[in-house]
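Quick notes on the structure that follows.
The values are calculated or read from the model by the stated rules, or taken from the named source; none is laboratory data. Bear in mind the structure is a predicted one, so any value in this text is a computation, not a measurement. Counting neighbours? That spans all protein chains shown, and the Cβs are built from the backbone with ideal geometry, glycine included.
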Amino acid sequence: MNTINRRLVLGGIGALGAAGVLAGCGEGSAGNPGAGPATGDGGAKGYEGPNVELDFWNGFTGGDGPFMRKLVDQFNSENANIKVKMTVMQWADYYTKLPTAVSSGRGPAVAIMHVDSLATNAARNVIEPLDDVAKALDLKQEDFSEVVWKAGEYEGKRYGIPLDVHPLGFFYNKTLMTQAGLDPAKPPATADEYAAALDALKAKGIQGHWATPFPFTGVLSVQALLWQFGGQLFNEDSSKATWHEEPGVKALSWFTDLVKNGHSPKNVAQDADNIAVMNGKNAFVWNGIWNINTFKEKKGLEWGVAPLPNIGGTKAAWAGSHQFVLPKLKTPDQNKSTAARVFVNYVSQKSLEWAKGGQVPARKQVRDSAEFKALPEQAALATQIDDLHFPPPVPGIGDALAELNKAVNESVLLKAEPGKALADAAARADKILEANRKKYGA
């Protein structure tokens, strides 16, 4: 199932966020040149050198994989002197193998990285700065959106070229809404509307929003709610966790109350919330945009998708982002360096095809195109683009966020009250943040 594969888009919410440190990465060894240092024209004028082969690594093992494969094949057919060889692996394996490969001089020329892993891998010297690419291709913040553009930066340098954003969206079962007397053409969009809809569903014996205690998608939902209530995960310099403050308590309380008030069963298993919507047992689920194709594959399912309802008073949603990176190797090869940049630019401009795999293109010109707007579900979630949030660009931030995962789990399983669970988790996270500052030399 596509949904289960998509769990690993969460590059920094737990162990994956720290994977970049495994090899203690410095520069690679000679003998296998790849993307060189940031020099030249950034690929703006194309590539006219001798034939080169580029290894391209990513973790697109799910339904999105064929869409990227199609783009690679198209690029290869249009660039006779560049052959891109795509290697796909599970994201968990990817984040372990990539730093090790770079350290040993066997890294790829091009790779994809989740936005919340950029800072960790930049700090560990795994990936190259890409300021030359942005400058040469005249890429600017207004070509994307402020949040996704700034997310590719670390300590004043650009390390990622945004490919997409994949936000949470509000998926709903139209058949169950109709049974409860709700209008399936008007999904609830405010806190009051949402509460009324849940009560109407409950009156018909339907537990309308199952609350999972797991990162996917319980923790992501709580993060979105925290931002909606006006809070932040960390303080301004990310030295302290702030999720235990009032907005965070309100967020986790709202989510836990789904269980306490009978809108959700207790002990909801991983992915059970989403499966229940597809099987007509659960009406509402907050899930990632990649879920669009999962729902499309379910025969007979009458469903819709909309931006997250505004529960806390401020529009906000969790999102991830895939970004192109160029792994750092010791021996530069200017031909491969230029060719890699040409490939990055090509796919970025052709990201409409990528959107069909269940993504929002990062490039504004693609989002504004008639072709993208003809993808109604993706276009609906793209309207959230300026309301999306990412974790701060801090090395090892996923280590600290893992403590938030524990707090959500304890609260939703009714083992601890939201305020205490969050406060205890914040205290543990503060120690991790301090240790990481020493580890990464910040």
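Structural remarks
- Restricting T120, T87 to those that are among the hydroxyl-bearing types (S, T, Y) and surrounded by fewer than 23 Cβ atoms within 10 Å (Cβ to Cβ) reduces the list to T87.
- Any hit, the range 90-106, residues being more than 28 Å from V52 (Cβ to Cβ), buried (at least 19 other Cβ atoms within 10 Å of the Cβ), β-branched (V, I, T) and touching a residue at least 40 places away in the same chain (Cβ under 8 Å): no
- At least 2 residues being of a type in the set (S, T, Y) and over 21 Å from P167 (Cβ atoms) is the threshold, and among the helices (runs of 4 or more DSSP H) wholly inside the range 232-316 those reaching it are 246-260.
- Restricting A416, A380, A423 to residues that are of a type outside the set (F, W, Y), at pLDDT 95 or above, surrounded by fewer than 24 Cβ atoms within 10 Å (Cβ to Cβ) and not in a helix (DSSP H, G or I) narrows the list to A416.
- Qualifying residue in the range 186-199 (condition: part of a loop (DSSP other than H, G, I, E, B), within 30 Å of I112 (Cβ to Cβ) and touching a residue at least 60 places away in the same chain (Cβ under 8 Å)): no
- Scoring A355 on the criteria (1) under 29 Å from S103 (Cβ atoms); (2) of a type outside the set (F, W, Y); (3) at pLDDT below 95 leaves a single failure, condition (1).
- Scope the range 156-185; condition among the acidic types (D, E) and either crowded, with 22+ Cβ neighbours inside 10 Å or at pLDDT below 95 (or both); matching residues: D164
- Considering only residues in the range 168-182 that are outside any helix (DSSP H, G or I) and aliphatic (A, V, I, L, M), the one that is farthest from the chain's Cα centre (by Cα) turns out to be A180.
- As a summary of the residue check, D386 satisfies the conditions (1) buried (at least 20 other Cβ atoms within 10 Å of the Cβ); (2) out of contact with any strand residue (DSSP E or B) (no Cβ under 7 Å at 6 or more places or on another chain); (3) assigned to a helix (DSSP H, G or I) except for the one numbered (1).
- Flag not set for A400, criterion: touching a residue at least 24 places away in the same chain (Cβ under 8 Å), within 24 Å of L225 (Cα to Cα), in contact with a strand residue (DSSP E or B) (Cβ under 9 Å, 6 or more places away or on another chain) and not assigned by TED's automatic domain parsing to the domain that holds V268.
- Flag for N121 being more than 27 Å from W318 (Cβ to Cβ), in contact (Cβ under 8 Å) with a residue 12 or more places away in the chain and assigned by TED's automatic domain parsing to the domain that holds P332: no
- Hits in the range 82-98 (condition: closer than 22 Å to R341 by Cβ and in a helix (DSSP H, G or I)): Y94, L98
- Leading residue by the ranking (surrounded by the most Cβ atoms within 10 Å (Cβ to Cβ)) among those in the range 61-81 that are in a loop (DSSP other than H, G, I, E, B) and at pLDDT below 95: D64
- Selected residue (only one of K330, K350 is assigned by TED's automatic domain parsing to the domain that holds L137, surrounded by fewer than 19 Cβ atoms within 10 Å (Cβ to Cβ), farther than 25 Å from F67 by Cα and among the basic types (K, R)): K330
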